[in-house]
Structure formats: structure tokens, C-alpha cells
Amino acid sequence: MSKEKLYCYLRVSTKGQVEDGSSIDNQRFHGKRVSKKLGMEYVEMNEGGLSSMKDNRPKFEELKRGIRE
């Protein structure tokens, strides 16, 4: 039997987020820690610094599809 999955959407939109500890590496660290604590498989959905103003955000769309399913 496979583990339930914890999908972690990683993204920063400003340089300030990187400087205040919201970096992708920091988000990844916390996502992995939470998934381990919950006994779930960590699945990373990383869009890096892709702007939220963009219409084409493939990982975000994939995440929404997964939630609907």
C-alpha cells in the first residue's frame, strides 16, 4: 500500500521573501519535515520565482487538478 502524498507548492515572488527566510530551500525543508511527521510522501511542486501574474503556471494548475481529483 502506498503512502498518502503531501503536495508542497514552492514559490517565491520577491527578493524580500528570499531574504526573510521564505526561500525555496526553506519551504522545501519545512515541507519535508511535515510530510515525515505525518508519515506522508513528500511531493514537490516547484515554480521557483514564477510570477503569480502569469496566466501559465503549470505546477499550480497541476496542484489544483490534484485537489479536484
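The values are calculated or read from the model by the stated rules, or taken from the named source; none is laboratory data. Since the structure is predicted, the reported quantities are computational estimates derived from the model, not experimental observations. Cβ: placed from backbone, ideal geometry, glycine included. Neighbour counts: every protein chain shown.
Considered as a group, the residues in the stretch 14-26 that are assigned to a loop (DSSP other than H, G, I, E, B) and modelled with pLDDT under 75 include one that is surrounded by the fewest Cβ atoms within 10 Å (Cβ to Cβ), and that residue is 21.
Here residue 6 meets each of (1) modelled with pLDDT of 85 or more; (2) assigned to a helix (DSSP H, G or I) with one exception, condition (2).
Within the stretch 29-44, one or more residues are at pLDDT 80 or above and part of a loop (DSSP other than H, G, I, E, B). Consider only pairs whose beta carbons are under 8 Å apart and that are at least six residues apart or on different chains; among these, list those whose first residue lies in the stretch 17-39 and is farther than 14 Å from residue 7 by Cα and whose second residue is modelled with pLDDT under 85 and of a type in the set (Lys, Arg). Within 8 Å, the pairs are 24/11.
Could you run through the stretch 45-69 and say how many residues are of a type in the set (D, E, K, R) and modelled with pLDDT under 80?
Step one: of the stretch 45-69, the residues of a type in the set (D, E, K, R) are 47, 54-55, 57, 59, 61-62, 64-65, 68-69.
Now drop any that are not modelled with pLDDT under 80, which leaves 47, 54-55, 57, 69.
Summing the residues that are of a type in the set (D, E, K, R) and modelled with pLDDT under 80 in the stretch 45-69 gives 5.
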